[in-house]
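Visitor: One structure follows; several queries about it will come next.
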Amino acid sequence: MSGLAAAEKWNVSRETIDLLKEYEALVKKWNPRINLVSKSNLENLWDRHIVDSLQVVRSAELPDRWVDLGSGGGFPGLVAAIVAKEENPDCHVTLVESDQRKGAFLRTVIRECGLSASVISQRIEKVDPLSAQVLSARALADLSLLFEFAEQHLGAGGICLFPKGATWKKEVESAREKWSFDVDPITSFTNPEAVILKVRGVARV
């Protein structure tokens, strides 16, 4: 999907698309040094990562406090910050990424794109509670572990957005052994077997 097609599909402005392209260029510049995404996905970065992140962002209203765990190359956290720059300037995105080199990359994008975001370069479990209104994590851990992180970092009434692959139903069933939660699976635009799990009311059984 081209930038223009993405703008039409996900209802973002030309200015936002330009920022996403600037971000894309920075990923491609840094990737040979710190491997932000796999080489096979680098040429398909827009479809595989940016559009995939846009649909996560569009799965909830942009809050004032968005927290992205295990941010890596910034998907979907930096995409949320880029969209929020125009649509909700009060939204601050906190990116938690323990890898110092990836943290340096994230800070570079934040600075060069002028985003309202910050990076915490610590392990997730060591970070003080962040009281997220929206908590996201992409390709980080299974659902049960993600709920442990949510217990620590999700604020009261907050929403989790967790993209998951074809085995998502098994993860949900397994998580229900220890956790109570409400889940709305949103079918992925980029992969019909995948979903974005929109989760509320996470509590231990």
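Visitor: Could you tell me whether Ser71 is small (Gly, Ala, Ser) and buried (at least 20 other Cβ atoms within 10 Å of the Cβ)? Give the steps one after another, and end with the answer.
Guide: On the way: small (Gly, Ala, Ser): yes; buried (at least 20 other Cβ atoms within 10 Å of the Cβ): yes.
So Ser71 passes the test.
Visitor: Let me ask something else about it. Taking into account only those residues within the range 126-155 that are loosely packed, with under 13 Cβ neighbours inside 10 Å and modelled with pLDDT of 95 or more, which is farthest from Arg65 (Cα to Cα)?
Guide: Let us first name the residues in the range 126-155 that are loosely packed, with under 13 Cβ neighbours inside 10 Å, namely 126, 128-129, 139.
Still in the list and also modelled with pLDDT of 95 or more: 126, 128-129.
Details: Lys126: 19, Asp128: 15, Pro129: 12 Å.
The extreme case among them is Lys126.
Visitor: Residues of the range 156-184 being assigned to a strand (DSSP E or B) and closer than 15 Å to Ala137 by Cα, which ones?
Guide: From the range 156-184, those assigned to a strand (DSSP E or B) are 156-164, 179-184; that's our starting set.
Across the range 156-184, the qualifying residues are Gly158, Ile159, Cys160, Leu161, Phe162, Pro163, Lys164.
Visitor: Let me ask something else about it. If you check Leu135, Leu146, Leu115, Leu106, which single one turns out to be more than 14 Å from the chain's Cα centre (by Cα), among the hydrophobic types (A, V, I, L, M, F, W, C) and closer than 24 Å to Glu61 by Cβ? Working first, answer last.
Guide: Details: Leu135 fails: more than 14 Å from the chain's Cα centre (by Cα); Leu146 fails: more than 14 Å from the chain's Cα centre (by Cα); Leu106 fails: more than 14 Å from the chain's Cα centre (by Cα).
The unique qualifying residue is Leu115.
Visitor: So which of Val56, Val83 is assigned to a helix (DSSP H, G or I) and closer than 15 Å to Ala139 by Cα?
Guide: On the way: Val83 fails: closer than 15 Å to Ala139 by Cα.
From the options Val56, Val83, the qualifying one is Val56.
Visitor: Does Ala104 meet the test of being touching a residue at least 40 places away in the same chain (Cβ under 8 Å), surrounded by 13 or more Cβ atoms within 10 Å (Cβ to Cβ) and not in a strand (DSSP E or B)?
Guide: On the way: touching a residue at least 40 places away in the same chain (Cβ under 8 Å): no; surrounded by 13 or more Cβ atoms within 10 Å (Cβ to Cβ): yes; not in a strand (DSSP E or B): yes.
When the stated conditions are applied, Ala104 does not pass them.
Visitor: Let me ask another. Could you identify the single residue in Leu19, Leu115 that is outside any helix (DSSP H, G or I), of a type in the set (A, V, I, L, M) and touching a residue at least 24 places away in the same chain (Cβ under 8 Å)? Can you show your working first?
Guide: Numbers: Leu19 fails: outside any helix (DSSP H, G or I).
Within the list Leu19, Leu115, the selection yields Leu115.
The values are calculated or read from the model by the stated rules, or taken from the named source; none is laboratory data. Small disclaimer: the values here were computed from a predicted structure and weren't measured. All Cβ positions, glycine included, derive from the backbone under ideal geometry; neighbour counts span all protein chains shown.
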